[in-house]
Every structure is written in C-alpha cells, then in structure tokens.
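Scroll down for the structure; my scribbles are underneath it.
All of the numbers you see were taken from the coordinates with simple rules; none came from a lab. Only a predicted model underlies this, so the values are computations on that prediction, with no experimental measurement involved. Cβ placement follows ideal geometry from the backbone for every residue including glycine, while neighbour counts extend to all protein chains displayed.
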Amino acid sequence: MVAADMILNYAWLILAFPALGLLINGLFGSRIGRRPVAFIGNAAVAGALLVAIALAFAVGSLPEGTHAFELELWRWISIAGLQVSMAFLLDPLSIIMILVVTGVGFIIHLYAAEYMKLDDHHQRLDDARYARFFAYLNLFILMMLLLVLADNYVMLYLGWEGVGLASYLLIGFWFHKPSAGDAAKKAFIVNRVGDFGLALAIFSMFAFLGADSLSFESVFHALESSPVSIAVVTAITLLLLLAATGKSAQLPLFVWLPDAMEGPSPVSALIHAATMVTAGVYLIARSHPLFEAAPATMTVVTIVGALTALMAASIALVQTDLKRILAYSTISQLGFMFVGVGMGLYVAAIFHLITHAFFKALLFLSAGSVMHATHGELNIDKLGGLRNKMPTTYVQFLIGALTLAAFPLTAGFFSKDEILLGVFAQSYFLYAFMLFTSLLTAFYIFRAVYRTFFGEPRDEHVYEHAHEQPRGMTAPLWVLAAGSLLLGLIGIPDLIGEKFGIERANWLHEWLHPVFENAAEIHIQPWVEYALFVSSGLTALVGIYLAYARYRRQARWTLGLQRVFSFMQPVLEAKYWFDEIYTTIIVRPLRAVAGFCASAIERIIDGVVNGVGTVTTRVGSGVAHLQTGYLSWYALSLLIGVVCVLGYFLLAG
C-alpha cells in the first residue's frame, strides 16, 4: 500500500514527459537534427507509457474496497463559491485510457519517425517541419492524457480543447495544400459546436446541481442529494451528448472526420484510432450516473449510435479512397460504442474502444505504407496486385481487416460480439439492425483488401513504383497486429472460460466493475449465447464471401444484385448530402450575413472613422493657416485676445 501510494503520488510524471518533448522539439528541434528530434519525441511517449504501466500496477494493488486514488496538484480556481483543483483521478477506467493512449501512441510515434522523412510529394521534409510535427504529436498526447486523467469537468474541458487545437495543427500540417487547410478549419469549427455543448453542460452543473468543485464525485453526489428535476438532468446530458457527437464524429457532427484524411497518415491513426475520436465515448462512460438518471438521453444516445453506424458503413461501400474508407469505418465503429454506452453496456463499449484502437491504427498505418509506396495514390480503382510488391504490408492490412470484420476469434470478434449480446438481450430489432451493419462492415473492408492487393494492376505506372516499406515503418505494426489478434483474451466471455476451467475469464469486466458496479447485468441462456456467437461469426464470413464473389470471382449473381441496389449509388456517393445541407442552411446564410456586414455595416463604420479623420484633417489645415511666421501678426492676435478676455470679465462684472 505504501509503495502504491508512492507511485501514485508521482502520477504527474505522465504529463511531464510529453510536455518536455513538446518544449525541446518545439524550441530547439530545427537546430538539433532529425535523429535527436525523433528520439526525443519517441522517448517522451515511451516515458509516459512506462509511467502508465506503473500506475496500472499501483491502482491494481490498492486495498480491497478502494478502487480510486485522487491526486490534487494545486488549487486552480477559487472564486464565488467555485473551488476547482488541478487534480488526477486514477481509477480502472482512466488507467485503461492512459494505457491505450500511450501504448498505441508510442507505436504511431515510432512509425512516424520513418514515415515523416518525406512529405506528401515524396520530397525530403526539412528539419524544422520534421521537428514541428513531433512537437504537435507530443502536444496531442499531452492533452489527451490531461483529458482522461481529469478529476473534474473543468480540467477535462481543458484537455478537450487542447486536443481540438492539436488536431487542427496536425490535420492542417500540409498547409501548402488548400484542401488540408480547409479540412483543418472544418474540423475545428464543427468541433466548436460540440465544445459549446460541453461548456453549457458544465455551467448547468454548477448552476442547477450546486456542484461547487465540479469534480465527478461532487457532481454525482449533488445529483443524488439535490432535488433537481429530471428535465434539468436530461438537458445537461443532452448537452454532454452534443459534445460527444462532435469529438466522436456521430450524427449530426460527423462531417469533419473524413476530410481529416488530409493530414499525414500517422495523424489519421492517432486521431481516428486511439485518442481524439474516443473522447466522446469516454465522456459518456465517465458521466454514466448522469446519463442513467436521464433515460430519455440514453435512448437518444443509442439511436444516434445505431443510425451513425449504419449510415457510415453504407457510405464506405462506395468510397474509392482507401483512407476515407477507413475514416467512415471509424465513424461506424464509434456508432457501435455509442450503442453500447447508450444501452448501459459500458464495459463492452470500452472493450471495443480498446480493440478498435489497435486494429484501426494498424489499418491506417498500413494504408500509409501503401500511400508512401505509390507516391500518394490511394484510389483503390487505380491499385491492385500490391500483395506481390508489398507482402508485409498486405499481411498487416489483412490482419486489421479480419479484426474489423469481426472474424471469429480475433479481438474485434470478441469486443463487437459483447455489444451485440447486450443489445440482443434488450432489443431484437436493434440487434438485427446492428448485425446487418456488421455484415456491411465485413463487405466494405474486404472490398478494400481485394481491390488494393489482389487482381491485376490497374495502373502500371503506380504498380511499377510500388515497393515494400522500410523496417522502421513495418516492424512497429507487428505489435498492433498482435494486439488485433490477441487482445480479445482480456474479455473472453465467462461462458467460454468455464469450458476451460477458467473462473472470471472476462478480466476486463472484473477490472472495470468498481467503476460501473451499478450498471445492469445482462443474463442470457447459455444456448442462446452460443447461437449468437455463431450468428456473429457467420455474419463476418458471409460479408467476406460476398466481397470475394463480387471483386475476385466477378460472379454474375453479384453483378445482378448490385444492379438491384443501384438506386442507392447516387445517395451513397453524395454521402446523404450532409455537406450540401450544411452548406445550404448554415454556410450560405452566414456568408450572406458576413457579406451584408462587409457591404453595409462596415461602410457605416468606415464612413464614421473616415469622416472623423477628414474633419480633423480639415480643421488642422484651417488652423495651420494661422501660423504665418510674421511677428506683427502674432502681436496683433495677442492684443485682440487680451481685449476679448478683458471685455468678457468687464461685461460679466
């Protein structure tokens, strides 16, 4: 216990390492060269990972009945009854999050050290921009750790905004491209909508719940003790949901994520896999007592997640850019997690968050290897046959695809199946809905596999220049591949564990139980659970086979099936016209208002300012004529002035 307390009291070191990396590379990186920059950037995250592992053991060794440790660093805000501390909450949930962020983040940093030697035009990246990139990566890790370690909503908001800033800098890293700049601005603006919801929610907690410190514990305690109406709680949770939909790219605020592909591939992996996009899921899971007190909001969370999962999966069916396929896949998988937290399946949602971090980072970084090998070409209609040129990348991408498709016994199979089991226990219709989405997932990801790595090359020029990437890029991905295959072991269903004589096989459930101890448990008959395992596995196999029949065998019946559903092609290619709708109802009206202000209001302001300047100038010019330089004129003026003053006083007297 003493050793655990000693380790936990030094938890601040997990922020110190990336902060130090940010400062050194940000201030001196352009002068010290690439190797030191890469070493410092990687060492900063490696140090944070080691601290995270030590903290995990320390929290695990806390006495029975103690599952959390609060570390107050300093009193941050003390004003008008509000007492906010800069403090850490170290509990099983935050430990899981910091392990994922630092673990997957470290692999991405290793990969980036080699990847970022060249820019998107395959030209050598200069030392200053190389250093700037690693400074931004360290900033991202720093802010994400701050977010998940926060003991209160104000500190969480600080990390939340910091992650938004870092994502803006990273998405727009290739700022010489207008598309990258536009994507960065789009991500920043769309997320401000969600962030506004989070700010209003925090204000409401203080105003209506009377939570004077805004710590999670004080908010939840105030919820139980104060006579607050369910309408107020529902309003607060809906605002939190708005924030979550922004960060986790759910309906209606998902439109920024596909465009964020304009950033370098390591950025895509970092944002779309392990860190930023999972913040919304974490926010709902962390705030689960609030959401459970607002059943209507829980229903909305579930509906938003389900609709987003199907919508994004259907759009991915027709995308031709490999990274955009993965981007819509991320949106869809986050929808599964939202369904999980919306139905009270918190452990299942966090389980899928963990496995998704590994297999999606693996897919994005493998796609980055393809992009490097083809000099930026990611159109799957121009690729083909790359498994012969890039056998290692092919195997790595295939492992990620199998896990995403929930192929039996992969980590994705176990995590997604746990969500589906819980959904089945509460709604047969929603289960069928999500199972169909799983079918689409298996189909679109193997469409990408077959179009990219199989068949004859469809662009000889691209194929001729393709080559396997250096070990600096491929070697770190084997760690992600191993995680994608084996991480399911941390959440093996107890039903299967019992067959092998393993008690409490679902380690993750046991670990997170103290955080979600009041969550409802799902009870399903063993034979039903086995049947659901089989149906989930068959769904993945059917989806893979359909992609094989359509894109490898070119089976006639698949072409006929495609023609039957051809009416959906324009809808999916237009991405349900969300961007056009936003442009019509938001962007154009705002531009019209801005144009009016520029043409009318600014003219008035300019007229007033220019008028004052003109009057002042003319008065000055007129007065300037009084300065003639003749002493006789000055003497006469003085005499006239004296006579006027004396006359005034004599008349006044």
Exercise. With charges set only on the Cβ (+1 for Lys and Arg, -1 for Asp and Glu), what does the dipole of segment 252-395 come to about its Cα centre, in debye to the nearest 20?
Worked result: 280
Exercise. What residues qualify as long-range amide H neighbours of LEU118, i.e. H under 5 Å apart, gap of 5 or more or another chain, H built at 1.01 Å from N?
Worked result: LEU125
Problem set entry | Amide proton proximity set for LEU73, modelled H, under 5 Å, gap of 5+ | MET86, ALA87, PHE88
Exercise. By what distance, in whole Å, do the Cα atoms of the chain stretch along each of the three principal axes, largest value first?
Worked result: 118, 67, 53
For this session: State the Cα centre-to-centre distance between segment 176-232 and segment 389-456 in whole Å.
Result: 33
Seminar exercise, completed: Listed with the fewest Cβ neighbours within 10 Å leading, HIS109, HIS352, HIS67 appear as HIS67, HIS109, HIS352
For this session: Express the relative contact order of the chain as a whole percentage, based on alpha carbon pairs under 8 Å and six or more residues apart in sequence.
Result: 11
For this session: Would you work out which of MET143, LEU489, ALA207 lies farthest towards the positive end of the dipole of the chain? Charges go on Cβ: Lys and Arg +1, Asp and Glu -1.
Result: MET143
For this session: Starting from the alpha-carbon convex hull of segment 1-123, give the projected area averaged over all orientations, in nm².
Result: 10.6
Exercise. How high is the relative contact order of segment 485-587, given as a whole-number percent (alpha carbon pairs under 8 Å, six or more residues apart)?
Worked result: 12
Seminar exercise, completed: In debye to the nearest 20, the charge dipole size for segment 577-652, taken about the Cα centre with +1 at each Lys and Arg Cβ and -1 at each Asp and Glu Cβ, equals 220
Problem set entry | Per-residue [θ]222 nm for the chain (sum of -39500 (n - 2.57) over DSSP H runs n ≥ 4, rounded to 500) | -23000 deg cm²/dmol
Problem set entry | ASP127, ASP259 arranged by Cβ crowding within 10 Å, fewest neighbours leading | ASP127, ASP259
Exercise. Under a Cβ-Cβ cut-off of 13 Å, what is the net charge of the residues other than GLU418 that fall near it, where Lys and Arg count +1 and Asp and Glu count -1?
Worked result: -3
For this session: Can you tell me the order of 179-189, 261-271, 513-523, 359-369 when each peptide is scored by its average per-residue count of other Cβ atoms within 10 angstrom, highest first?
Result: 359-369, 261-271, 179-189, 513-523
Exercise. How would you order 606-613, 463-470 from highest to lowest mean count of nearby Cβ atoms within 10 Å?
Worked result: 463-470, 606-613
Problem set entry | Number of Lys pairs (Cα under 21 Å; 8 or more positions apart or on different chains) in the chain | 19
Seminar exercise, completed: Output ordering of 586-599, 419-432 (per-residue mean of other Cβ within 10 Å, highest first) is 419-432, 586-599
Exercise. In the chain, with Lys and Arg counted as +1 and Asp and Glu as -1 at Cβ, which of these residues, LEU532, ILE325, VAL193, has the Cα nearest the positive end of the dipole, that is, farthest along it?
Worked result: ILE325
Problem set entry | Scattering curve values for segment 577-652, log₁₀ I(q)/I(0), Debye with Cα scatterers, q = 0.18, 0.21 Å⁻¹ | -0.88, -0.96
Problem set entry | Point-charge dipole on Cβ atoms (K/R +1, D/E -1) for the chain, about Cα centre, debye to 20 | 2040
